[in-house]
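Working notes for the structure below.
The values are calculated or read from the model by the stated rules, or taken from the named source; none is laboratory data. All values derive from a computational prediction rather than experimental measurement. Here the Cβ positions follow ideal geometry from the backbone for every residue, glycine too, while neighbour counts run over all protein chains shown. Heads up: the accessible areas ignore ligands, DNA and RNA and are worked out on the full protein's heavy atoms, side chains in. Shrake-Rupley method; radii C 1.70, N 1.55, O 1.52, S 1.80 Å.
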Amino acid sequence: MKCRALVVSVILIGAASAPAAAQIKLDMNKITCGNWLGYGSADRDFVRYFMSGYYNAAANNNVLDYDRLQTNSEKVVAYCKKHKSDTLPTAIQKSAS
């Protein structure tokens, strides 16, 4: 019984001292259209919502217009398919309204 408690204690101590997951830094200004189009749908949506929030905050707009987001996203996708080496912010500025 003491041996079992000792093993459990060692495992718990080892798990508690394991390093935390590394933080990932992502420079949104360096994402190219080709990179973004290659992301999975969840990651593409994350970037899409982040960029929408960024541009809305810059315009001092605190309301998310989902229909406008969808329309602009379709325009950005169409632009990105033709200009894969452009950065995503460039694509947004040239195609979204």
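LYS84 passes all but one of (1) part of a helix (DSSP H, G or I); (2) charged (D, E, K, R); (3) in contact with a strand residue (DSSP E or B) (Cβ under 9 Å, 6 or more places away or on another chain); which number fails?
(1)
Could you list all residues from segment 1-43 that are in a helix (DSSP H, G or I), open to solvent by 70 Å² or more (accessible area, probe 1.4 Å) and at pLDDT 75 or above?
Result: ASN29, LYS30, ASN35, SER41, ALA42, ASP43.
Could you list all residues from segment 61-81 that are touching a helix residue (DSSP H, G or I) at 6+ places or on another chain (Cβ under 8 Å) and not in a helix (DSSP H, G or I)?
Matches in segment 61-81: ASN62, VAL63, LEU64.
Would you pick out the residues in segment 44-54 that are free of Cβ contacts under 8 Å to residues at least 24 places away in the same chain and open to solvent by 80 Å² or more (accessible area, probe 1.4 Å)?
Across segment 44-54, the qualifying residues are PHE46, TYR49, PHE50.
Tell me, which residue of segment 55-97 that is among the aromatic types (Phe, Trp, Tyr) and surrounded by 13 or more Cβ atoms within 10 Å (Cβ to Cβ) is farthest from LEU26 (Cα to Cα)?
TYR79
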